[in-house]
1. Within segment 166-176, identify whether any single residue is among the hydroxyl-bearing types (Ser, Thr, Tyr) and surrounded by 10 or more Cβ atoms within 10 Å (Cβ to Cβ), and answer yes or no.
2. Considering only residues that are of a type in the set (A, V, I, L, M, F, W, C) and under 20 Å from Gln120 (Cα atoms), which ones fall in segment 218-240?
3. Every residue in segment 183-196 that is touching a Lys or Arg at 6+ places or on another chain (Cβ under 8 Å) and surrounded by fewer than 10 Cβ atoms within 10 Å (Cβ to Cβ), please.
4. Going by the conditions given, is Gly150 at pLDDT below 95 and small (Gly, Ala, Ser)?
5. Could you check segment 194-228 and list, in sequence order, the residues that are of a type in the set (Asp, Glu) and under 17 Å from Leu285 (Cβ atoms)?
6. Give Gly252, Gly245, Gly180 a once-over and let me know the one that is surrounded by 13 or more Cβ atoms within 10 Å (Cβ to Cβ) and in contact with a strand residue (DSSP E or B) (Cβ under 7 Å, 6 or more places away or on another chain).
Amino acid sequence: MAVRVLLGFSIPEEDLGHLFEVYQQFVENVFSLPVDLPFSGYRRGIQARQILQKGLEKAIREKLQCTQGKDYSDALDILIESSKEHGKEMTMQELKDGTLELIFAAYATTASASTSLIMQLLKHPAVLEKLREELRAQGLLHGGGCPCEGTLRLDTLSSLRYLDCVIKEVMRLFTPVSGGYRTVLQTFELDGFQIPKGWSVMYSIRDTHDTAPVFKDVNVFDPDRFSQARSEDKDGRFHYLPFGGGVRTCLGKHLAKLFLKVLAVELASTSRFELATRTFPRITLVPVLHPVDGLSVKFFGLDSNQNEILPETEAMLSATV
């Protein structure tokens, strides 16, 4: 999705599959110790980056030759045109670096949030059932639970209040990215400490959510905290910031939330799913929040009477970030 929707690349499936494997190697080693030795994580990350950039350069050159007459703009188009407006065309290296950053931001974080969403629906069946009740009340499910075709529109998704609460709570407890960096433009003081101009400072999204006084029982998964009746996030704009804040807030936040909502609706309406392992996996926070060995889940399709489709055949999906 990131490659085709955000960047407008047309890469053959076979090449895309190979690049995805290389990308996984890049992500797994992106925060390795900077020790350039044979077989080190750092060396594997550098090699993966070089292969990725070679493939991206080919895709970028093809895109630059085929952009005439398009009736839409993707993120890479906007990046290129913005640089031209400021009198500086981006070099190929800058385009490759920017493209790789967009892919990392779009894929790794969305995969992390999607996995967290599935895990919480597995852990909290009452939340899943309440979500199904909302879908049924909005006419998105037939009586038996089968989704109504052609009814999932953007305005319909926006009207699903409990679904919005579920996504917000997933992003509060399981923010994919732990924080962000800013450069100090002017020397200032904070709690008696002087922060000089030019320093880099980091803000922690996860710690902010964990210590925000507006949230009750911060370690409890409770989507209703965002309901209109409670609205725990209404007091203080800086207590809830899963996508960062200010002018440099995440550019893809609306796309990410839309993707998560569609995923939740599909999960709730078309399948029964259960954990494929005896226990839930251990979670790590680097480079983004994700299960150490992935999340293995068994999915069973449902028909209009909420009976399993081909119940003797277990369709197993391993969702790994």
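The values are calculated or read from the model by the stated rules, or taken from the named source; none is laboratory data. Just so it is clear, the model here is predicted, and its values are computed rather than measured. Because the Cβ atoms are built from the backbone with ideal geometry, glycine has one as well, and the counts that use them run over all protein chains shown.
1. Yes; the residues of segment 166-176 include at least one that is among the hydroxyl-bearing types (Ser, Thr, Tyr) and surrounded by 10 or more Cβ atoms within 10 Å (Cβ to Cβ).
2. Val218, Val220, Phe221, Phe226
3. Those that are touching a Lys or Arg at 6+ places or on another chain (Cβ under 8 Å) and surrounded by fewer than 10 Cβ atoms within 10 Å (Cβ to Cβ): Leu185, Gln186.
4. On the way: at pLDDT below 95: yes; small (Gly, Ala, Ser): yes.
Against the criterion (at pLDDT below 95 and small (Gly, Ala, Ser)), Gly150 qualifies.
5. Result: Asp207, Asp210.
6. Going through Gly252, Gly245, Gly180 in turn, the sole match is Gly180.
To keep it simple, each residue is scored yes or no on (1) closer than 18 Å to Cys250 by Cα; (2) modelled with pLDDT of 95 or more.
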| position | (1), (2) |
| --- | --- |
| Arg161 | no, yes |
| Val177 | yes, no |
| Phe188 | no, yes |
| Gln228 | no, no |
